[in-house]
Each structure stands twice: as C-alpha cells, then as structure tokens.
Amino acid sequence: MELIKGIPVSPGIVFGRAIHVGEAERHVPQRTIAAGEVDSELRRLDKALEEAADELGQLRDRTERELGAEPAKIFGFHLGLLRDRALLDIIRGRIRDELVNAEQAVADQFQSLINQFRKMGNVVFEQKANDVVDLERRVLGKLMGETKSRIAQLKEPAVIIAHELTPSQTAGLDRAKVIAIATDAGGQTGHTSIVARALGLPAVVGCQDATERIDDGDLVLVDGDSGVLVVAPDEAMLAEYRTRAERGARRRRVVQEEASLDPVTRDGTRIAMLGNIEFPEEVEAVLANGGDGVGLFRTEFLYLTRSEPPDEEEQYRVYRRAIELLAGRPITIRTLDLGADKYTQEAMEEPERNPFLGLRSIRYCLADQPLFKTQLRAIMRASVHGPVKIMFPLVSTLMELRQAKMILADVCEELAEDGLTFDAGVRIGMMVEVPSAALMARVFASESDFFSIGTNDLVQYTLAVDRGNERVAGLYSAASPAILHLVKNVIRAARHEGIEVSLCGEIAGDPEFTMLLVGMGLRTLSMVPAQIPLVKRVVRQVNLEHCERLARRAGSFDSERPIQTFLRDELRRIDPETFGAYNGV
Ligand code: PEP
Ligand code: MG
C-alpha cells in the first residue's frame with residue numbers, strides 16, 4: 001500500500017484500475033485484431049506514418065533554417081527509416097498475417113532494430129539506436145495520440161494517470177470509461193481541474209511523480225476530497241474510505257434536496273446563483289442544481305474538442321441551444337478565451353515563450369478579426385432567442401475594450417445589411433481578471449454594461465503564481481489581502497458607475513468564501529453547477545449584517561493564512577452539521 005499526496009481539485013472518492021495516458025513508449029496496448037479489422041488497422045498505420053513524416057519534415061526545415069544544414073541531417077535519417085520498405089513490409093505483414101494490432105507491430109519491429117544497433121557496441125550505433133527509440137515514440141505517439149482511442153478500448157471504467165492532461169483531453173474523456181483523474185502536474189484552478197469538476201470526475205492533480213509510482217493496471221483509490229491517492233489499498237483502508245464516501249454522498253443528497261429553495265439570506269437579500277458552463281448540455285446541470293441562469297459560458301471549449309474550428313452556423317446552433325435550454329433565464333456568453341493553456345500553442349508553428357502573458361483571449365481575437373467576427377455574428381444572431389449578454393475576457397487596457405466594442409458594432413451593422421435579426425439591446429461587459437483592469441475599474445466601468453470578476457486569473461496575475469503549476473500551488477490563494485483589496489475596488493467602482501457586478505472565479509463556488517463575497521457586496525455568483533446547492537445553503541443561513549461584519553474582519557488581516565482559517569472557522573460555526581468536516585465535498 002502506498003500513499004501519494006496531491007491537490008484535491010474535484011471531489012468524490014472512487015476506486016479502480018489505473019490506465020496511463022500520454023506515455024506511448026511505456027504502455028503499448030497489445031491485442032489480436034479481427035480479420036475484418038486488417039484494412040482499417042493498416043490505414044491507421046499509414047496515417048500515423050504520414051503524420052510522423054510530416055512533423056519530421058517540418059522539424060528538419062526549421063532546424064535547417066535556424067541551425068544550418070548539418071544538424072538538420074539527423075531528421076534525414078528518421079525520415080529515411082520511415083520510408084524504409086524492408087522495415088514497413090515486416091510491420092504490415094505482421095498486422096495482415098498475424099493479426100497483431102498496429103502499436104504492437106510497430107513496437108516489436110522498432111525494438112528489434114534498436115537491439116541490433118545496440119549489439120554493435122559502438123558509439124555511432126548507440127546514437128542510431130537512440131534515434132530509433134525517438135522515432136518509435138513519435139510513431140506510437142501518433143497511433144495512440146488519441147487518448148480517446150486508448151480509453152475506448154477499456155473493458156471497465158478506469159482511473160486516468162497522466163503526467164499532464166490538456167483541457168481538451170480532459171473535456172474529451174468518455175465519462176462512461178473514466179472514473180477519476182490523477183496527474184503529476186496541475187493546480188487548483190487550472191482549466192483541466194475546472195473541466196474535471198464540470199464533468200463530475202474526482203480528480204487529484206499536482207501528485208509530482210504518480211506516473212512513476214503507479215503502473216498500468218494497479219488498483220488505485222482516488223480521494224478527490226482530500227487529495228490523496230492510495231495505490232493497492234488494503235481492506236481496512238478501503239473500508240474507511242467507503243464510510244467516508246458514503247458520508248460525503250449523504251451530505252450531498254441532503255444539500256441537493258434543498259437545491260430548489262430560494263437563495264435568500266435570513267433578512268431577505270437575494271443572491272443570484274448562476275452556473276459556469278463549457279458546453280450547452282451543462283445547462284441541465286445548472287437547472288437541476290437550482291441555478292438561475294448561466295453567468296459564464298466558456299465558448300472556447302467548442303474549439304478544444306475538435307480538429308476544425310466551428311463555423312458561424314455551428315456556433316449559432318450551439319449558442320441557440322444553450323439559450324433555449326435556459327427557457328428565458330439569462331446567459332452571459334464569453335467570447336473566445338483561447339491561448340495560454342488552451343489550444344493556440346498546439347496550433348502555432350512557433351510556440352510562445354510565455355503563453356500566459358502572450359497572445360491570449362481578447363488579444364488573440366483582436367489579432368484575428370475574421371475569427372472574432374464569426375463568433376460575434378453567431379452570438380448576436382442567437383440573441384433573438386433569449387436574454388443574452390456578451391462578455392470579453394482578459395481585458396487589460398481600455399483600448400482593447402473599445403476595439404472589441406467597435407468590432408461588435410461593425411458586426412451588428414453587417415448583420416443588419418444582411419437582413420439578419422439580432423437583439424440590439426444586448427449588454428456588453430468584461431471580465432475583470434487582470435490587475436490593471438481591477439485597479440482602473442472606475443474607468444472601465446464607465447464604458448462597460450457589467451463586470452464579472454475572474455479571480456482565477458486575477459490571483460495568478462496579481463500574485464505572479466501560475467494557476468496550473470503544482471510547484472507553486474501553495475502560493476496560489478484567493479484569500480490573499482491583495483486580492484480582497486482588488487475585488488473590493490472593483491465592486492466599489494461598479495456601484496459608483498451603477499453597473500452590475502458578479503464573480504465567476506472558482507471561489508464563487510467555494511462555501512468558505514460565500515459570506516465574505518456577500519459581505520463585500522456581491523449579489524450574483526457564478527460557479528460550477530454542482531456547487532450551487534452548497535453555496536445556496538450557506539446563503540440561506542446567514543444575514544447581511546453578519547456577512548458585512550465578517551468581510552470587514554477578513555479585511556483587517558495582513559496575510560492569507562489567517563484569512564483562510566478565519567473563513568473556514570466561521571463557515572463551520574454557522575453550520576457545523578454540513579461543514580464540520582467540510583473538505584471540498
Ligand atoms: C477566471 O479567470 O476567474 C475565470 C472565470 O475564467 P477562466 O477560469 O476561464 O480563465
Ligand atoms: Mg480567466
């Protein structure tokens with residue numbers, strides 16, 4: 001039995017067999033294919049070889065451009081091998097005659113070549129052997145690259161073990177085949193974690209070396225409540241966890257039963273509870289959890305789960321579907337927040353050195369107006385079907401806000417010229433998630449219809465802590481006095497200019513922050529749908545004066561630790577039954 005500690009990012013306790021993804025070279029799937037599968041298996045092999053060759057060709061050209069002809073020659077050897085008929089004929093023959101799957105046939109043949117080179121026992125051939133290892137990984141990576149295909153072959157649902165998953169890999173996981181996620185890398189508000197929560201998959205990230213300590217097929221207990229993995233747990237440990245899981249489930253049931261009650265404080269103040277979604281289908285979860293609408297639709301996820309960008313028509317259909325599912329309730333559609341950890345690096349020939357400070361979000365859209373306009377047209381066309389608001393992400397200068405609004409005005413003009421209808425009264429707002437915007441909130445408020453505070457990024461940029469990096473996860477805290485200061489400033493500015501303000505970072509769904517946020521003046525919170533009932537429960541048990549007092553007190557501390565402890569203690573005090581042992585469930 002072995003314990004591995006990580007960061008709990010999505011609650012739930014489950015137990016199952018491990019499957020590694022993203023490590024093609026170590027875990028080659030082995031199976032006998034049916035005779036009828038031979039052709040498709042050969043096609044799969046050819047496609048993988050072709051993709052690997054394309055990639056190598058690009059690498060060779062780039063190396064030649066940047067470093068000269070000599071170092072580029074190495075790729076010539078790789079490309080030559082990929083076209084070596086003798087090698088490929090054996091691989092094809094094994095698939096055709098022995099019904100071996102493509103991965104296994106490739107791995108066996110490359111391995112035999114590696115062994116031949118190694119046996120020569122001199123440095124030059126050792127280097128060649130390493131080149132073949134490299135090439136084998138590339139081809140296997142192409143064959144198995146689709147996490148989906150490996151997972152699709154699973155016979156029983158499994159625990160995904162990976163060094164790191166991208167948000168798109170996570171979003172593409174088949175919920176029927178996967179019961180939990182554990183990764184070496186990652187942090188609390190990384191997008192992978194957010195998606196895991198949205199999918200309701202227990203997840204522990206930042207485990208550092210889980211991929212080394214857990215083998216394919218190991219039995220693993222994943223405790224997404226407290227962030228622990230137990231490899232090969234014994235009976236006593238399993239029994240203890242079963243009891244805890246049942247207790248957690250009971251608590252969720254009790255709270256769930258209250259999901260349809262009104263989110264009003266004891267003295268009658270209503271706090272609107274909205275849901276954050278990535279896909280229209282999640283509207284159902286928002287409604288089932290008693291949400292009042294959608295406060296954040298992360299539309300970039302439409303781009304992340306597919307290879308071709310969606311066109312105007314498809315986007316229109318997706319937005320319309322979300323709007324119609326909400327049946328008259330409000331929805332805030334955020335324009336594409338691509339970049340940083342999402343999408344653009346893979347699409348870029350030259351990855352950015354510092355993508356979180358690079359061409360992301362609204363900057364990316366302003367730099368690619370056809371892409372931006374396509375989305376704005378689709379949103380505006382969908383706006384006739386219900387109460388829509390448009391929100392721009394990561395605005396850091398007033399110029400960006402003005403430019404984005406100007407482009408939107410152009411789009412509306414073009415739609416009118418095309419004879420297409422839209423709601424001319426759509427309100428236009430922005431995320432406040434960069435310190436420059438939070439500090440200058442008064443100025444932005446005078447040109448915005450509403451604000452939504454994005455604490456996930458605000459924390460990252462204010463404290464200079466990568467939100468997805470496990471090594472600095474201990475420094476990432478929304479309970480920092482600097483963050484409270486900025487949030488307060490934004491709320492004050494919004495009030496002064498008479499515009500709406502809400503908060504849609506992960507803390508909106510964290511019951512420990514509910515009283516503080518209400519006490520600071522927020523009346524709208526947008527969160528992961530599954531958290532709505534818990535936050536609602538807190539709201540229904542407090543009164544405004546208490547929250548305001550608590551917020552003042554929290555504001556008097558000089559560092560995050562005492563603030564965090566104070567918030568936790570206060571939550572436990574008002575509702576020991578629900579939150580006595582609260583640990584994120
Ligand atoms: C945020 O930054 O707080 C936010 C809600 O946006 P995202 O998590 O999509 O970056
Ligand atoms: Mg953000």
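Taken together, the values in this text are just the output of simple stated rules run on the coordinates, not laboratory data. The shown structure was predicted, so the numbers you read here are calculated from the model rather than taken from an experiment. Don't worry about glycine lacking a Cβ; one is built from the backbone with ideal geometry, like all the others, and counts go over all protein chains shown.
Once C-alpha pairs closer than 8 Å and six or more residues apart are averaged by separation and normalised to the residue number of the range 437-481, the relative contact order reads 24 percent.
Rounded if a/c is under 1.5, else prolate if a/b beats b/c, else oblate: with a ≥ b ≥ c from the C-alpha gyration tensor eigenvalues square-rooted, which is the range 451-585?
Working: a/c = 1.37, a/b = 1.07, b/c = 1.28.
Here the range 451-585 falls in the rounded category.
Along its three principal directions, the equivalent ellipsoid of the range 190-241 from the Cα gyration tensor extends over semi-axes of 21, 15, 9 Å, largest first. Applied to the range 511-523, the Karplus parametrisation 6.51 cos²θ - 1.76 cosθ + 1.60 on θ = phi - 60° returns per-residue 3J(HN,Hα) values of x, 5, 9, 4, 4, 4, 5, 5, x, 7, x, 6, 10 Hz, with x for Gly and Pro. Per residue of the range 424-433, in order, report the coupling 6.51 cos²θ - 1.76 cosθ + 1.60 (Karplus, θ = phi - 60°) as ³J(HN,Hα) in whole Hz, putting x for Gly and Pro. So the J values, rounded to whole Hz, are 5, x, 4, 7, 10, x, 9, 6, 10, 9. Only Cα pairs under 8 Å and 6+ residues apart enter the sum, and on that basis the relative contact order of the range 297-433 stands at 28 percent.
Dipole magnitude of the range 434-585 about its Cα centre, charges +1 at Lys/Arg Cβ and -1 at Asp/Glu Cβ only, in debye to the nearest 20?
Working: 17 positive and 18 negative charges, 71 e Å.
Approximately 340 debye in magnitude.
Computed with the Debye formula from one identical point scatterer per Cα of the range 21-95, without solvent, the log10 of I(q)/I(0) at q = 0.12, 0.13, 0.19, 0.22 Å⁻¹ comes to -0.47, -0.54, -0.93, -1.07. With equal scatterers on the alpha carbons only and no solvent term, can you work out the Debye log10 of I(q)/I(0) for the range 449-511 at 0.12, 0.14, 0.27 1/Å? Normalising to I(0) and taking log10 leaves -0.31, -0.42, -1.17. For the range 353-364, backbone phi angles converted through the Karplus equation (6.51, -1.76, 1.60; θ = phi - 60°) give residue-by-residue couplings of 6, 9, x, 5, 10, x, 7, 10, 6, 5, 5, 4 Hz, Gly and Pro being listed as x. Counting neighbouring Cβ atoms within 10 Å and putting the fewest first, the residues 20, 485 line up as 485, 20. Residues whose amide H lies under 5 Å from that of residue 7, counting only those 5 or more places away or on a different chain, are 205, 206, 207; hydrogens are built 1.01 Å from N in the peptide plane. DSSP bridge analysis restricted to the chain gives an antiparallel fraction near 35%, rounded to the nearest 5.
Ranking 229, 69, 509 by Cα position along the charge dipole of the chain, where only Lys, Arg, Asp and Glu carry charges on their C-beta atoms, puts 509 farthest toward the positive end. Using +1 at the C-beta of Lys and Arg and -1 at the C-beta of Asp and Glu, which of 562, 412, 16 has the Cα lying farthest in the positive direction of the dipole of the chain? Farthest towards the positive pole: 562.
Given R₀ = 22 Å, what would the calculated FRET efficiency be for residue 548 paired with residue 573, taking r from the Cβ atoms and rounding to 0.05?
The pair residue 548/residue 573 has a calculated efficiency of 0.85.
Modelled label positions at residue 442 and residue 112, each set 7 Å beyond Cα in the direction of Cβ, lie 7.8 nm from each other.
If R0 is 60 Å, what FRET efficiency do you get for residue 257 and residue 424 from their C-beta distance, rounded to 0.05? Working shown, then result.
On the way: r = 42 Å, r/R0 = 0.71.
Calculated value: 0.90.
Rounded to the nearest 5, what % of DSSP beta bridges with both residues in the range 221-327 are antiparallel? Numbers along the way, then the final one.
Details: 4 of 8 bridges.
Around 50 percent antiparallel, to the nearest 5.
Amide H contacts of residue 274: 292, 525, 526, 527, each under 5 Å away and 5 or more positions distant or on a separate chain (H built 1.01 Å from N in the peptide plane; Pro and chain starts excluded). Projecting the Cα atoms of 371, 335, 388 onto the charge dipole of the range 325-439 (Cβ charges, centred on the Cα centre) puts 388 farthest toward the positive pole.
A Stokes-Einstein calculation at 4 °C with viscosity 1.567 mPa s, built on the Kirkwood radius of the chain over Cα pairs, returns a diffusion coefficient of 50 µm²/s. Once the chain from residue 137 to residue 174 is taken as fully extended at 0.36 nm per residue, the excess over their C-alpha distance is 10.8 nm. For residue 409 and residue 353, the difference between the fully extended length at 0.36 nm per residue and the C-alpha to C-alpha distance is 16.8 nm. Of the residues 292, 218, the one with the fewest other Cβ atoms within 10 Å heads the list, and the complete ranking is 218, 292.
Each stretch of four or more DSSP H residues adds -39500 (n - 2.57); spread over every residue of the chain, this sum gives -15500 deg cm²/dmol at 222 nm. Each Cα pair under 8 Å and six or more residues apart adds its sequence gap; the mean of these over the residue count of the chain is a relative contact order of 15 percent. The charge dipole of the range 1-55, taken about its Cα centre with unit charges on the Cβ atoms of Lys, Arg (+1), Asp and Glu (-1) only, comes to about 480 debye.
Put a dot 7 Å past each Cα toward the Cβ at residue 58 and residue 384; how far apart are the dots in nm? It is 4.1 nm. Straightening the chain between residue 42 and residue 324 buys 97.1 nm, computed as 0.36 nm per residue apart minus the Cα-Cα spacing.
Annotation: the residues 51, 257, sorted from fewest to most other C-beta atoms within 10 Å of their own C-beta, follow the order 257, 51. Using a cut-off of 26 Å between Cα atoms, the listed pairs 177/536; 73/119; 5/155; 142/373; 373/536; 405/536 include 177/536; 5/155; 142/373; 373/536; 405/536 as exceeding that distance.
Quick one: work out the % antiparallel among DSSP beta bridges in the range 316-445, nearest 5. Mind showing how you got there, number by number?
Details: 1 of 9 bridges.
Around 10 percent antiparallel, to the nearest 5.
Given charges of +1 on the Cβ of Lys and Arg and -1 on the Cβ of Asp and Glu, with all other atoms neutral, how large is the dipole of the chain about its Cα centre, in debye to the nearest 20?
Numbers: 73 positive and 90 negative charges, 300 e Å.
For this selection, approximately 1440 debye.
In the chain, once you exclude exposed trypsin sites (Lys or Arg not before Pro) (DSSP loop, at most 16 other Cβ within 10 angstrom), what's the longest stretch remaining?
Details: sites that count: 26, 31, 83, 155, 175, 266, 306, 353, 523.
Segment 354-522 is the longest.
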